[in-house]
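Report on one structure; see the data block that follows.
The values are calculated or read from the model by the stated rules, or taken from the named source; none is laboratory data. Please read all numbers here as calculations on a predicted model, not as lab measurements. Note that each Cβ is placed from the backbone with ideal geometry, even for glycine, and that neighbours are counted across all protein chains shown. The area values use the complete protein model at the heavy-atom level, side chains included, leaving out ligands, DNA and RNA. Shrake-Rupley method; radii C 1.70, N 1.55, O 1.52, S 1.80 Å.
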Amino acid sequence: MERLSGRVALITGAARGQGRAHAVRLASEGADIIAFDSCATFASTNYDPSTLADLEETARLVKAQGRRILWRQIDARNFADVENLVSAGTEEFGRLDIVVVNHAICHYSNTWEVTEENWDEVISVNLTSVWKVLKAVAPYMIEQRTGGSIIVTSSVAGVKGQPFLAPYVASKHGVVGLAKTLANELGRHRIRVNVVLPGGVQTPMAGYDWNGEKGESNPFAGELNKPEVAATLGPIFMNALGEKWMTPEDVANTVAFLASDEAHFITGAEFPVDAGATAR
Ligand SMILES: NC(=O)c1ccc[n+]([C@@H]2O[C@H](COP(=O)([O-])OP(=O)(O)OC[C@H]3O[C@@H](n4cnc5c(N)ncnc54)[C@H](O)[C@@H]3O)[C@@H](O)[C@H]2O)c1
């Protein structure tokens, strides 16, 4: 089914994980792709960074769907670089219809042990640079006058107080508010803005390799096995279906729906892809 023929989609954090799945899925539905990733190391993270080779592989996979892709290694925190890519991409493909702001980093710590540097880095990547991407794309989409769909990736941590993740949780709550505000501002331009809230997804951020086998990057996971900790915090990580992990493709299914005209009356909404983790 090619629900996105003739459309152009910008995807951030596209080198691997969910960003790659979104790029490949939207391409399979007919969209040409503008993609970027920083492919860089972050001081706040304890998992492997993505690489240029990862981003090149995403480009190869998009082309294998028969679609075009313009990709760059840039950091969303650099507004000028993001603006330049939007200009280059819209010049090359002629339009911009879909934006998936997916990039983020994750930092584990007790709230009182987060360093100022780690706090600033996570907020700057996960919240401020999400706003920078939205700031770069909105004027172009308004000017284009053909509406569009923006999807911002938050997390279950965007609506729940997940322990050991203070700056991540704060930033993910922040992007929910940011997206809903933008949904109200862009509604009259027929540009929809929605949020996806994934539960645990098998990606390198969660400590998984590409076979989905490597395990868990959360250094506090062992803590949760202690009976006294499990008794109070365990329920926060449970879900109605009793599943632990989603796949990137599960999230891409929802993103593709929200990008399509089937979702033409859906804006300002939060879409959990979490096996029911937010149902309780
Ligand atoms: N994996 C999970 O369990 C999970 C759960 C809920 C939500 N999420 C969210 O899903 C989204 C995708 O994460 P993922 O699981 O695919 O992780 P990932 O680490 O595999 O991929 C994230 C990508 O974003 C890129 N990135 C980070 N900061 C960037 C920046 N400033 N500029 C450009 N690129 C940048 C990284 O280099 C990386 O390639 C994130 O928003 C994440 O917070 C993940």
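Exactly one residue out of Ile236, Ile266 is surrounded by 14 or more Cβ atoms within 10 Å (Cβ to Cβ), more than 30 Å from Ala27 (Cα to Cα) and not hydroxyl-bearing (Ser, Thr, Tyr): that is Ile236. When Lys244, Lys214 are screened for being without any contact (Cβ under 8 Å) to a residue 24 or more places away in the chain, within 30 Å of Ala27 (Cβ to Cβ) and open to solvent by 40 Å² or more (accessible area, probe 1.4 Å), only Lys214 passes. Could you look through segment 11-29, keep only residues that are away from the ligand (no atom under 12 Å from the Cβ) and either outside any loop (DSSP other than H, G, I, E, B) or farther than 13 Å from Val255 by Cβ (or both), and pick out the one that is farthest from the chain's Cα centre (by Cα)? Ranking the candidates gives Ser28 first. Of all residues in segment 151-167, which are in a loop (DSSP other than H, G, I, E, B) and either aromatic (Phe, Trp, Tyr) or open to solvent by less than 20 Å² (accessible area, probe 1.4 Å) (or both)? The answer is Ser154, Ser155, Phe164. Residue count for segment 30-47 under the criterion of being buried (at least 20 other Cβ atoms within 10 Å of the Cβ) and more than 19 Å from Ser124 (Cβ to Cβ): the result is 5.
Every residue, every condition in (1) touching a residue at least 60 places away in the same chain (Cβ under 8 Å); (2) more than 11 Å from the ligand (Cβ to nearest atom); (3) closer than 26 Å to Ala43 by Cβ; (4) surrounded by 18 or more Cβ atoms within 10 Å (Cβ to Cβ), yes or no:
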| position | (1), (2), (3), (4) |
| --- | --- |
| Asp97 | yes, yes, no, yes |
| His103 | yes, no, yes, yes |
| Asn110 | no, yes, yes, no |
| Lys135 | no, yes, yes, no |
| Val169 | no, no, yes, yes |
